[in-house]
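Novice: Below are the structure tokens for one structure; questions will follow.
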Amino acid sequence: RNGEDGSELRAFFGALGSSFLYGYNLSVVNAPASYIKDFYNKTWMERYGEPISPETSTILWSVTVSIFAIGGLLGTLCVSMIIKVTGRKGTLLLNNCFAVIAALLLSLGEISRSFEMLIIGRIVMGVNSGISLSVLPMYLGEISPKHIRGSIGQFNSILICLGVFTGQVLGLPELLGQESKWNYLFSFVALPAVLQLCVLPFLPESPRYLLMEKKDEAGAERAFQKFLGKTDVSQELEEVHAEARAQDNLNTVSVLQLLRSPAVRWQLITIIITMACYQLCGLNAIWYYTNGILREAGFAEHLLPYFTLSTGATETLAAIFSGLVIERIGRRPLLIFGFSSMAVFFSLLTIFLNFQDSVLWMPYLSYSCILAVIAGFCSGPGGIPFILTGELFEQSYRPAAFMIAGTVNWLSNFAVGLLFPFIQKLQSFAFLVFVVVCILGSIYLCVVLPETKNKTFMDISQSFAKINKMPELSPGQEMELVLSMKPENEKAPDIKKTESSF
């Protein structure tokens with residue numbers, strides 16, 4: 001149990017300067033939006049001697065918000081290159097530099113009378129988030145024993161939700177959500193980054209990375225001992241050795257090689273669909289409707305920020321619950337339940353919104369559905385796609401898989417922002433679009449996805465062997481193959497051929 005506590009503490013500090021900042025930057029721009037727009041107008045007046053036009057103001061604000069996703073895509077595309085040079089831990093450390101630079105640009109933009117600094121700061125922060133959402137789940141998956149890999153992996157989701165909630169709290173009018181203090185909301189970004197810069201150097205590198213890519217067995221053994229809090233880590237080392245020998249003929253593959261490989265075709269399709277559903281399931285639409293529903297319920301405008309806190313709190317509690325039960329219930333049931341429950345509550349929300357004006361208490365039911373949708377999302381779809389990306393692929397495929405998953409994530413995020421104004425025209429029936437996405441996602445996962453809890457990465461790969469039409473080895477055959485392996489320069493051609501099927 002002490003080893004598990006140590007892994008959880010390390011996972012917390014790993015996520016604090018990574019996924020926490022992603023969540024924080026999702027929500028932090030909402031509270032000071034009106035003050036930032038006023039700053040844009042004042043700066044424009046000082047430069048050009050006339051008020052900014054409504055169209056230009058809208059464009060500037062839209063760019064400020066949406067360019068975060070462009071930065072995220074750029075960060076994702078850089079991951080594979082950076083990780084080869086600096087490793088998992090080194091990439092997380094380097095990534096904090098982007099966060100500190102972004103904090104300086106965002107917080108000093110007002111003083112410098114430069115809205116360009118805010119826009120550049122947002123894109124740099126997006127790069128930080130794109131790297132974080134690829135490297136952190138990979139690192140957490142590789143440092144965790146298989147029996148708690150899901151729980152440790154959920155720290156990514158928990159810290160995202162906690163970051164969103166922190167942004168909401170600090171944005172309250174009594175704290176930093178004031179005209180004279182909104183730039184301090186962006187200064188806060190530097191705090192978790194600096195804290196991680198101080199703590200992360202004392203955490204070991206991923207033992208799988210050390211053993212399989214750096215061939216550093218002594219370093220891998222020390223890393224396992226630190227992570228697990230025990231001296232005898234021979235079982236864990238042998239598991240990694242078996243995986244390394246089985247794919248000894250494979251170097252880290254490129255994205256193009258991954259796309260062409262028949263051995264991981266359905267793993268790749270599964271990740272693409274799951275990550276697309278993660279963004280297209282409608283949670284972003286919920287944030288748009290929340291304040292309107294609260295206004296309809298008769299709540300005063302100045303009370304809305306406090307009610308919005310309930311959405312962040314619900315997110316965080318649901319993510320913590322998921323982390324506590326994921327190793328008992330499994331990934332697959334939580335994902336299917338999450339998407340299915342979202343479909344149910346989106347349907348109910350559509351009905352309730354159509355009766356919003358005719359029944360006095362209907363807005364309260366609508367708001368309850370909103371909280372239920374958020375809880376459903378965070379119980380599974382909000383974090384498990386990142387865990388699965390690390391679990392469905394063996395070491396040589398993993399960096400390329402995270403690059404593809406991240407690209408799908410950020411492009412889908414961008415597509416939602418682009419298409420949502422058109423979907424809005426459907427008014428309350430807009431949610432039926434997301435009902436379809438959630439139902440289709442649930443059906444696909446029910447049919448294709450095997451359970452991955454408490455399985456080694458090789459076991460998970462073998463679970464897909466039949467659907468990928470690859471030869472499936474029994475445990476005895478697999479062990480016989482591993483034990484019969486000779487050094488690389490002595491391997492027979494038929495053994496090499498078998499290895500490439502993993």
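Novice: For the range 13-166, with all protein chains present and a 1.4 Å probe, just round the carbon and sulfur fraction of the accessible area to a whole percent.
Specialist: Working: 3600 of 5150 Å².
Accessible surface attributable to carbon and sulfur in the range 13-166 totals 70 percent.
Novice: Then there's this: Can you give me the Rg/Rh ratio for the range 251-470, using Cα atoms for both radii and the Kirkwood formula for Rh? Write out the running numbers ahead of the final one.
Specialist: Details: Rg = 19.1 Å, Rh = 18.5 Å.
Ratio of gyration radius to Kirkwood radius for the range 251-470: 1.03.
Novice: Report the calculated FRET efficiency for VAL194 and ASN291 (r = Cβ-Cβ distance, R0 = 41 Å), to the nearest 0.05. Could you put the intermediate results ahead of the total?
Specialist: Values: r = 34 Å, r/R0 = 0.82.
Efficiency computed from Cβ-Cβ geometry: 0.75.
Novice: Same structure, new question: Could you rank the peptides 118-124, 75-81, 257-263, 390-396 by their average count of other C-beta atoms within 10 Å per residue, with the highest value first?
Specialist: Highest to lowest by the protection proxy: 390-396, 118-124, 75-81, 257-263.
Novice: Among 37-43, 239-245, how do they line up by average Cβ neighbours within 10 Å per residue, starting with the highest?
Specialist: 239-245, 37-43
Novice: Using just the C-alpha positions of the range 128-255 as equal point scatterers, what log10 of I(q)/I(0) does the Debye formula give at each q in 0.11, 0.18, 0.19, 0.21 1/Å?
Specialist: Computed log10 I(q)/I(0) values: -0.54, -1.06, -1.14, -1.30.
Novice: Something else: Give me the number: length gained by fully extending ASN41 to TYR184, i.e. 0.36 nm times residue separation minus the C-alpha to C-alpha distance, one decimal in nm.
Specialist: Working: separation 143, 0.36 × 143 = 51.48 nm, distance 2.00 nm.
Here the answer is 49.5 nm.
Novice: Calculate the length of the line joining the C-alpha centroid of the range 142-174 to that of the range 331-401, in whole Å.
Specialist: With the range 142-174 and the range 331-401 each reduced to a Cα centre, they are spaced 17 Å.
Novice: Once you have the Cα-Cα distance between SER428 and ILE351, take 0.36 nm times their residue separation minus that, and quote the gain in nm to one decimal.
Specialist: Numbers: separation 77, 0.36 × 77 = 27.72 nm, distance 0.83 nm.
Full-extension gain reported as 26.9 nm.
Novice: Additional query: Identify, among GLN178, THR290, GLY390, the residue whose Cα sits farthest towards the positive end of the charge dipole of the chain, taking +1 on the Cβ of Lys and Arg and -1 on the Cβ of Asp and Glu, with the dipole about the Cα centre.
Specialist: Looking along the dipole axis, the top candidate is GLY390.
Novice: Taking the Cα centroid of the range 195-221 and of the range 11-51, what is the distance between the two, rounded to the nearest whole Å?
Specialist: 35 Å
Novice: Keeping all protein chains in place, calculate the accessible area per residue for the range 251-470 (probe 1.4 angstrom), answer in Å². Working shown, then result.
Specialist: On the way: 8970 Å² over 220 residues.
Counting only protein heavy atoms, the per-residue value for the range 251-470 is 41 Å².
Novice: Now for a different question. What are the extents of the Cα atoms of the range 271-379 along their three principal axes, in Å, largest first?
Specialist: 42, 25, 22
Novice: Among all helices in the chain defined by DSSP H, which have a length of 15 Å or more along the axis from Cα atoms plus a Kyte-Doolittle mean of at least 1.6?
Specialist: Correct list, ordered by number: 155-170, 431-448.
Novice: Any idea what the dipole of the chain comes to, in debye rounded to 20, about its Cα centre with Lys/Arg Cβ at +1 and Asp/Glu Cβ at -1? All intermediate terms of the calculation are to be shown ahead of the outcome.
Specialist: Values: 36 positive and 39 negative charges, 88 e Å.
For the chain, the charge dipole is close to 420 debye.
Novice: How much length would be gained if the chain were fully extended between ASN454 and PHE12, taking 0.36 nm per residue of separation minus their Cα-Cα distance, in nm to one decimal? Please report the intermediate quantities before stating the final value.
Specialist: Working: separation 442, 0.36 × 442 = 159.12 nm, distance 2.13 nm.
So the chain would gain 157.0 nm between ASN454 and PHE12.
Novice: Give me the percent of accessible area attributable to carbon and sulfur for the range 251-470, probe 1.4 angstrom.
Specialist: Values: 6330 of 8970 Å².
It is 71 percent, rounded to a whole number.
Novice: On the principal axes of its Cα set, how long, how wide and how thick is the range 1-203? Give whole Å, largest value first.
Specialist: So the extents along the principal axes, rounded to whole Å, are 64, 38, 26.
Novice: Sorted by packing (mean other beta-carbon atoms within 10 Å per residue), highest first, where do 380-388, 306-314 land? The partial results should precede the final answer.
Specialist: Values: 380-388: 28.3, 306-314: 17.3.
Going by the mean number of other Cβ atoms within 10 Å, highest first, we get 380-388, 306-314.
Novice: Where Rh is the Kirkwood radius over the Cα pairs of the range 397-471, the temperature 10 °C and the viscosity 1.306 mPa s, what D in µm²/s does Stokes-Einstein return?
Specialist: Values: Rh = 15.5 Å.
The estimated diffusion coefficient comes to 102 µm²/s.
Novice: In the range 1-114, with Lys and Arg counted as +1 and Asp and Glu as -1 at Cβ, which of these residues, ASN25, CYS78, ILE101, has the Cα nearest the positive end of the dipole, that is, farthest along it?
Specialist: With unit charges placed on the Cβ atoms, the residue in question is CYS78.
Novice: If you don't mind, another one. For the range 257-316, what number results from the quotient of the Cα radius of gyration and 2.2 N^0.38 Å?
Specialist: On the way: Rg = 19.2 Å, N = 60, 2.2 N^0.38 = 10.4 Å.
Its radius of gyration relative to the 2.2 N^0.38 Å reference: 1.85.
Novice: Right, another one. Which distance in nm do the two modelled labels at LEU440 and PHE299 give, with both placed 7 Å along the Cα-to-Cβ direction?
Specialist: Result for the modelled spin labels: 3.3 nm.
The values are calculated or read from the model by the stated rules, or taken from the named source; none is laboratory data. What you see is a predicted model; the values in this text were computed from it and never measured. We place every Cβ from the backbone using ideal geometry, glycine too, and count neighbours over all the protein chains shown. What goes into the accessible areas is simple: the full protein's heavy atoms, side chains included, and nothing from ligands, DNA or RNA. Shrake-Rupley method; radii C 1.70, N 1.55, O 1.52, S 1.80 Å.
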